[in-house]
């Protein structure tokens, strides 16, 4: 199976997102880079912050540098250029700055290790990815310095590769359950083009809760937060069809809403990263008839699993891959430790 | 006495609007931005140089219109330029880094582009950068003139050979390691990662025991929960590694050598490179002046040797911008001045101060080598220029308006010399009228005897009675249709009132007989602006 080639047909920019720190995101990146070498694919590599340093700044755990093959397009800040072990041909000096100097786009002329860093601002990241593609990359992989689920926000890439692994829990079924939950959230249905969507998109910038009654949008003077639920309950009547929540969507938002009302409205969010509800609670809410739609969802291109945790325990490779694949049949699952 | 060499102080440059115009220059290159900060005015005796400078602006205006597309490309190239003069200086004694050489090569490519473009556009010779292709050939041995850089193999045969050798060794190592990896999998059923290592939990004692038995794997590191083993390089691999380390060191050394050589080559071209930066900077400024002049209807002032200042239909650019933004129309003003004292008198709100500033603007712009906002202008260069005008800054400094006026008057007296241009706005209006008038008259008496062009706005009419004084009067509301004006103003709100009065105001100046009375419009305007009728009537009684 030519995983990357298949992905590159569908997507041009893929973010690698970790479910947690040490979920094996960098290992996954290294795996994908090797895979690309084998498939003869030219990659573009960038990161949302400084990545590839010898040691992860936050956790102190070991973090390998990225080994890049000849012809890979990579973003490197000026101050890290001389530290690269690979030979790098400078193709462009971008306008994007970083704490380590301006970001340059380089082509690997001589394979070797490189410390990768990219622009900090999402919009710049987008532009730079476009440039990398124009310079001949078949696919751009974006890595983040700190594993943060929020960088999966849809505007930064076409799709994500989700890195998950033993670090999440000592129980394998728990690891699978949480991963499935995240994937389900990312793939929440998109609110159809229609009156409701039009109304919400027109007012979404106000950062206020919007309810749609009888096809008409009403801005509410409450922001999401503790206690908002009760006020929201008051606002939902028989004619309310949609509730748009701009900020974080937590348990407390829906806790105080009358179960009968809950069934009859659709909650709308900007994107799935706004949801902060655990798998168990989510299951209960869904049973109670909670219906959530998003303005934009997130494509999950693949899932990588790392069966070992830094704490020392590990799962059986095949068992984990199989369990994960069974739970999420339509997304390829790859064990990064098993070449 | 302190000899002041500057033409005009900071306040004069600001109040006349020179700073405003300079700030509006859309400079694209770091060289232009640097040079404009150092720009100096042309002084008497430099008329010829100034005429040449102005003729270049005219030339660039014509070129810009004839080559619109090329001008766009030129500006784009300008925009991409970075100031690398420090790198050039550094090349004398240092091996420049790859990034530095890349940036310099980018600049060279842009210089060459500008050279070709400007030659094609027939820009004046002095702005065209010199050909630097000789240096480009050195930095771009492949000759493809792409804006990329790397210590390419073609820089050194030795380097190319070393790199090829290293690659060969890398392949050998990988081959050996893969062989070992397969052996271990077949023999022990253990799969190593692509990096040829494996992490095992300490609790998994069976695996640990087994791995400890494998001589090809050695403990790489361990923490309290797990152990990582890595492939031990056997003798053959060890030898290759040793050889590779040597070669890597040789490569680095050779790369340094190449960088040193390139740096030396760059240093040889230092003079032409810095000269090119200068030329491009000057072209940038001249083109920006031309584009600005074109956009703002400015003309080339005629530079004459006698000390005069004449213009027809002049417009103060800063005021015009504000009026245009509001959708209004600017009323241009003409004036002709020569050595001696000229007074501007006339109605309140009649634009006396703006006319004063405009006169300064035209004079100072011309002397700094800019086109001027008028239909035509004749300018004789001055040695010294100063505007004396109330501004908020003196109040911020805690001085009373009279105090700061006297301070500035002293500065003028100390620094003015032959061929000075003095612009004085309602001096001594902030003190009692008896002493104020006396002081104004004695200042005028002094100025009359000097070789200065002095322009003074005043409400003291006896100042203008002297026959030697030229009196220019604002037409004001003299010809306005008051019925219409009053009707319009009756229903207007506060802000609209001001605008309506401005609409009816004729700002033009005309020379009047010295004995002619200054029109008394103050009460009229006060009334129009909504001051209580009782107060106005009472004031009228006092005049009687």
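Across the protein assembly as shown, the convex hull enclosing all Cα atoms gives 253 Å³ per residue. The alpha carbons of segment B:463-508 occupy a box of 46, 20, 15 Å along the principal axes, longest dimension given first.
Can you compute the FRET efficiency between residue B:256 and residue B:413 using 1/(1 + (r/R0)^6), with r the Cβ-Cβ distance and R0 = 56 Å? Round to the nearest 0.05. Can you show the working numbers first?
Details: r = 65 Å, r/R0 = 1.17.
About 0.30, to the nearest 0.05.
Apply 1/(1 + (r/R0)^6) to the Cβ-Cβ distance of residue A:180 and residue A:222, taking R0 = 25 Å, and write down the FRET efficiency to the nearest 0.05.
0.15
Rg of the Cα atoms in segment B:396-517, relative to 2.2 N^0.38 Å, amounts to 1.32.
Beyond 15 Å, what share of the Cα-Cα pairs of segment B:5-44 remains, rounded to the nearest whole percent? Of all Cα-Cα distances in segment B:5-44, 48 percent exceed 15 Å. With semi-axes defined as the square roots of five times the eigenvalues of the C-alpha gyration tensor, the equivalent ellipsoid of segment B:425-488 measures 30, 15, 9 Å, largest first. Between helix A:25-39 and chain A there is an angle of about 60 degrees, using the helix long axis and the longest principal axis of the Cα atoms. Rounded to the nearest 10 degrees, the inclination of helix B:433-448 to the longest alpha-carbon principal axis of chain B is 80 degrees. Gap in Å between the Cα centre of segment A:268-297 and the Cα centre of segment A:118-136? Cα centroid to Cα centroid, the span is 31 Å.
Divide the volume of the convex hull of the Cα atoms of segment B:279-427 by its number of residues and quote the answer in cubic angstrom per residue.
Normalising the Cα hull of segment B:279-427 by residue number yields 155 Å³.
Considering all projection directions equally, how large on average is the shadow of the alpha-carbon convex hull of segment B:174-279, in square nanometres? Walk me through the numbers on the way to the answer.
On the way: hull surface 46.7 nm².
About 11.7 nm², averaged over all directions.
Just tell me how shielded A:86-95 is by partners: mean number of partner chain Cβ atoms within 10 Å of each residue's Cβ, no decimals.
Numbers: counts 0, 8, 4, 8, 11, 6, 4, 7, 0, 0.
Counting Cβ atoms of other protein chains within 10 Å of each residue's Cβ and averaging gives 5.
Remark: relative contact order (segment B:427-544) = 24 percent; criterion is Cα-Cα distance under 8 angstrom and separation of 6 or more residues.
Converting the Cα gyration tensor eigenvalues of segment A:158-230 into ellipsoid dimensions via √(5λ) gives semi-axes, longest first, of 35, 17, 11 Å.
Viscosity 1.306 mPa s, temperature 10 °C: what is the translational diffusion coefficient of segment B:55-148 from Stokes-Einstein with a Kirkwood Rh over Cα pairs, rounded to a whole number of µm²/s? Don't skip to the end; give the middle numbers.
Values: Rh = 14.6 Å.
For the chosen part, D equals 108 µm²/s.
Listed by Cβ neighbour count within 10 Å, with the fewest neighbours leading, B:307, B:188 appear as B:188, B:307.
Starting with the fewest neighbours, write out A:106, B:331, B:298 ranked by other beta-carbon atoms found within 10 Å of each beta-carbon. If you can, show how the numbers build up before the last one.
Numbers: A:106 28, B:331 17, B:298 24.
Ordered from fewest to most neighbouring Cβ atoms within 10 Å, A:106, B:331, B:298 come out as B:331, B:298, A:106.
Can you compute the modelled spin-label distance between residue B:445 and residue A:169, with each label point 7 Å from Cα toward Cβ, in nm? Label-label distance for residue B:445 and residue A:169, simple model: 10.3 nm. Among the residues of A:305-311, the average count of other protein chain beta-carbon atoms within 10 Å of the residue beta-carbon is 3.
Report the convex hull volume per residue for segment A:221-288, counting only C-alpha atoms, in Å³.
Numbers: hull volume 5.7 nm³, N = 68.
Measuring per residue, one finds 84 Å³ for the Cα hull of segment A:221-288.
Annotation: segment A:147-290 has a Kirkwood hydrodynamic radius of 16.4 angstrom, from the mean reciprocal C-alpha pair distance. Between A:293, A:284, A:174, the GNM of chain A built on Cα springs shorter than 10 angstrom shows A:284 fluctuating the most.
Angle of helix B:401-415 to the longest C-alpha principal axis of chain B, folded into 0 to 90 degrees and rounded to 10: 80°.
For peptide B:140-150, the mean count of partner chain Cβ atoms within 10 Å of a residue's Cβ comes to 3. Using only Cα coordinates, the Kirkwood hydrodynamic radius of segment A:206-339 works out to 17.2 Å.
Annotation: for a label point projected 7 angstrom from Cα along Cα→Cβ of residue B:187, residues of segment B:219-257 with backbone N closer than 18 Å are B:219-220, B:229-238.
Measuring r between the beta carbons of residue A:2 and residue A:241 and using R0 = 51 Å, the FRET efficiency lands at 0.65. Each Cα pair under 8 Å and six or more residues apart adds its separation to the average, and for chain B the resulting relative contact order is 18 percent.
Sorted largest first, the principal axis extents computed over the alpha-carbon atoms of chain B equal 124, 58, 49 Å. Computed over chain A with a Gaussian network model linking Cα atoms closer than 10 Å, the most mobile of A:259, A:189, A:77 is A:259.
When a footprinting reagent is the concern and you count Cβ atoms within 10 Å, what order do A:156, B:55 take, fewest first?
Working: A:156 19, B:55 12.
Fewest-to-most ranking of A:156, B:55: B:55, A:156.
Peptides A:115-125, B:204-214 ranked from most to least packed by the mean count of surrounding Cβ atoms within 10 Å: A:115-125, B:204-214.
How large is the Kirkwood hydrodynamic radius of segment B:78-211, in angstrom, based on all distinct alpha carbon pairs? Write down the numbers at each step before the final one.
Working: mean 1/r = 0.0496 Å⁻¹.
For segment B:78-211, inverting the mean 1/r across all distinct Cα pairs yields 20.2 Å.
Using just the C-alpha positions of chain A as equal point scatterers, what log10 of I(q)/I(0) does the Debye formula give at each q in 0.11 1/Å? Log-scaled intensity ratios, in q order: -0.77.
FYI, it's all coordinate maths here, none of it is from the lab. A quick note: this is a predicted structure, and the numbers were derived from the prediction, not measured. FYI the Cβ positions are ideal-geometry reconstructions off the backbone, even for glycines, and counts take in every protein chain you see.
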